[in-house]
Amino acid sequence: MSKFFSMKLYREGIKKSKLVGLTGAIIITALCALVPLVGILTPRYYEPNYVPPTEIIGPGMFAIPLLILLLFAPLLVSTMFSYLNKRNESDFYHSIPFTRPCVYFSFLAAAFTWVLIALTASLVATSLLWLGVPYTAYSILTPLALFATYFLATLLLTAFMAVAMTLTGTSVSNGLIFALLFGFVRLSGAFFIMALENEYPILVTALTPVRLLSPDYSMPLALLNSMNDGGKIFSNFGVWIYTAILAIALIAAGCYFYLRRRSEMAGQSAPNRILQHVYRCAITLPMAFLTAYILILDGFEFAVLLIMVVLTLIVYYLFEIITTKKLKNCISATPYLLVVLAGGILFGVSIPVSGSVALNYTPEADEIKSISMYNDQDDHRYGDAAYEDLLISKVEISSPEAKKMIADELKEMKETVSKSNASQYLHPDRYNYTYDEMIGGSYDYDKVEIDYKQVTLKITDKSGIVRGRTLCFTEDEYRQLQEIFSETKEYEEALLAMPSKDEILNIYFSYSYNSSEATCRELWDCFIAEYNKLPREEKIAYKSENGYYSDLMFEIRGSVGMDSFYRNYSIDPKRFPETAKRMVEEMNTCEESVYNTMLISMERDDSQYVYLYFNSGFDSLYYDEQCIAKTGLKALKFLDGCKAPADDSAIFVRLDISLGDGYYTNRFYLVSEADYLTFCQMVGAVNDLEKPIE
């Protein structure tokens, strides 16, 4: 007989939890299979002979119902070890001729086996069914990544519940202690991080050890958020390793507590009054932290403080009453409220202390090893980074000029924050006032307005410690910093790089509702060919201007290694005339049938009104005009007959057309300035123009 595992006990555990395990596995598998099954039975409608772009199914959308596993795992453990809450059954299992570790590990393995059965069956069924959904595809790595993440997440929850079952002796206290173990660190960490970031937004907490307290480092919570953040948890191997180590440590702790547990504990909320006090205070401490957080965020308000104190007292005494069912125990519990009070005060004090320690980091230039740009993807909260940002963040800058500039700015930041606060540093007055002028209120409105740029950097010192800081530069300083960074060859190459075909997962362009993926990629190839012909300075200018939404652009999603990116690429007709021309032709083709129907309607009834809403790259103004169909038809036919100029002077025009009979469409043109002005004159937009029309 093994000291740590028994196949006989394992089989008994499988039978013991058969009802819950089998039922849960069937339900979860059926729900997961239902998602692709709907796509098979109710396919989307497309125009005849149209081949839509293939939709890549990522981990976040592959098998959403798998989230139920996060509830299924602790429920199975609770069912398996439910005998610990019943005195007779507890006595029996404590007296059987098996070692305590053998009973613990055998039953825990049995419970987790049902979790693995549900996980494996769901992924196999879902993977096979997704193959039958038209115009969709997925990487073989997707189900593998899902298996690995859910395996670790459910293993962690299994470990939490195992510890909770060994520490308490009632179903209610099992659930409360499980919630405490699972949520205390994450909830407290969230309050601490939010308070620190609110008071010191110059700090990048994702690059500090405090990030381990964040909900982002809890794999179950990260899975719940996977649909919102693009599924970054599926490629965050740091969280995978952290979760595996934590789960193993908790399973070992559960074994230790199981060894120490007395059978008489069944039916009791805690083995003794000391642990009861510990549980009660731990459950209530997040309320004290929340109170301190609210006071830090909004300042002192007596009414708010009173409400939070009352809520904290309710949680404190309610836990005691629910778990012990003895009202008189509230009297002996009262002195321990001082622990909760001390915890709240300590939390409130730790924020300025932590911020002060961080601000005091003002190294000399020769103490800095390297500097690199920081992108928001590092903390897995703000969505996908831009393509070049992913590449740039991996480039380390070690030039003396860059290090000196950053060292000087860190000192200036400390001085400014010490006099006012971090928000004043990051969002300075847009006019160049001194600190004394701002305090004294002596404003001179004739001063020149100054624009500022915020830059978030990773600063590595000679010892290898990485710190993140958001620094504020004037436009001139920012331009100087960019020039210094660009002296590093790898930085400039990353800045000017464009996604390769293999790195692009999804590609669309403006109003490409019915354009195939092949068409999108052909246009992209045309764009890249024109981009590669641009001079270096023109490429830099384009990259600095680009990224905003426009009516003529590409929308790209893809990945570099395990990091995903999202990027818009605006198409300027002056820089990319051929791409703009082909894109406009394709955009008009998508709506050709509707547009022709509208023209026929206008010819049949030229007294109806046509509404034209349009803008262009000429004057950046929007016009909203109404005219009779006869006039509108003439103007539209005029535009249809215009050709884009042979040089780079073409103007892009977007036109929204609607008729009173319910028709609506978009139309796009590349025309000369003269033709555009003529069109504006024809539809009555003369008075709105900045230029006179001859």
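The values are calculated or read from the model by the stated rules, or taken from the named source; none is laboratory data. In this text, all values refer to a predicted model and were calculated from it rather than measured experimentally. Reconstructed Cβ throughout: ideal geometry from the backbone, glycine too, with neighbour counts over all protein chains shown. Note: areas computed on protein heavy atoms with side chains; ligands, DNA, RNA excluded. Shrake-Rupley method; radii C 1.70, N 1.55, O 1.52, S 1.80 Å.
Of the numbered criteria (1) assigned to a helix (DSSP H, G or I); (2) in contact with a Lys or Arg (Cβ under 7 Å, 6 or more places away or on another chain), the one Ala529 fails is (2).
Within the range 632-648, the set of residues being open to solvent by 50 Å² or more (accessible area, probe 1.4 Å), of a type outside the set (A, V, I, L, M, F, W, C) and in contact (Cβ under 8 Å) with a residue 40 or more places away in the chain comprises Lys634, Asp648. Selection of the range 218-265 for residues being assigned to a helix (DSSP H, G or I), modelled with pLDDT of 85 or more, touching a Ser or Thr at 6+ places or on another chain (Cβ under 6 Å) and not small (Gly, Ala, Ser) yields Met219, Phe257, Tyr258.
Screening Phe347 against (1) exposed (fewer than 13 other Cβ atoms within 10 Å of the Cβ); (2) of a type in the set (Phe, Trp, Tyr); (3) modelled with pLDDT of 90 or more leaves a single unmet condition, (1). Taken together, the criteria place Leu259 among residues that are in contact (Cβ under 8 Å) with a residue 24 or more places away in the chain, of a type in the set (A, V, I, L, M, F, W, C) and surrounded by fewer than 17 Cβ atoms within 10 Å (Cβ to Cβ).
Can Val309 be described as at pLDDT 90 or above, open to solvent by 60 Å² or more (accessible area, probe 1.4 Å), in contact with a Ser or Thr (Cβ under 8 Å, 6 or more places away or on another chain) and more than 30 Å from Ser564 (Cβ to Cβ)?
Working: at pLDDT 90 or above: yes; open to solvent by 60 Å² or more (accessible area, probe 1.4 Å): yes; in contact with a Ser or Thr (Cβ under 8 Å, 6 or more places away or on another chain): yes; more than 30 Å from Ser564 (Cβ to Cβ): yes.
Yes.
If you go through the range 142-155 and keep only what is modelled with pLDDT of 90 or more, open to solvent by less than 10 Å² (accessible area, probe 1.4 Å) and of a type in the set (A, V, I, L, M), you end up with just Ala153.
Applying the condition of being among the charged types (D, E, K, R) and within 18 Å of Ser78 (Cβ to Cβ) to the range 1-17 and asking which residue is most open to solvent (accessible area, probe 1.4 Å) yields Lys15. For the range 492-516, filtering for residues that are in a loop (DSSP other than H, G, I, E, B) and either in contact with a His (Cβ under 6 Å, 6 or more places away or on another chain) or free of Cβ contacts under 8 Å to residues at least 12 places away in the same chain (or both) leaves 1. The listed residues are Ser139, Ser127, and the only one of them that is of a type in the set (Gly, Ala, Ser), over 21 Å from the mean Cα position of the chain (by Cα) and open to solvent by less than 30 Å² (accessible area, probe 1.4 Å) turns out to be Ser127. Evaluating Ser173 against the criteria (1) within 26 Å of Phe234 (Cβ to Cβ); (2) more than 30 Å from the chain's Cα centre (by Cα) leaves one unmet condition, (1).
Taking into account only those residues within the range 264-299 that are of a type in the set (S, T, N, Q) and surrounded by 17 or more Cβ atoms within 10 Å (Cβ to Cβ), which is farthest from the chain's Cα centre (by Cα)?
Gln268
Only a single item in (1) over 32 Å from the mean Cα position of the chain (by Cα); (2) touching a residue at least 24 places away in the same chain (Cβ under 8 Å); (3) surrounded by fewer than 20 Cβ atoms within 10 Å (Cβ to Cβ) is not met by Tyr531, and it is number (1). Among the residues of the range 186-217, what is the count of those that are surrounded by 18 or more Cβ atoms within 10 Å (Cβ to Cβ), part of a helix (DSSP H, G or I) and not charged (D, E, K, R)? Qualifying residue count for the region: 15.
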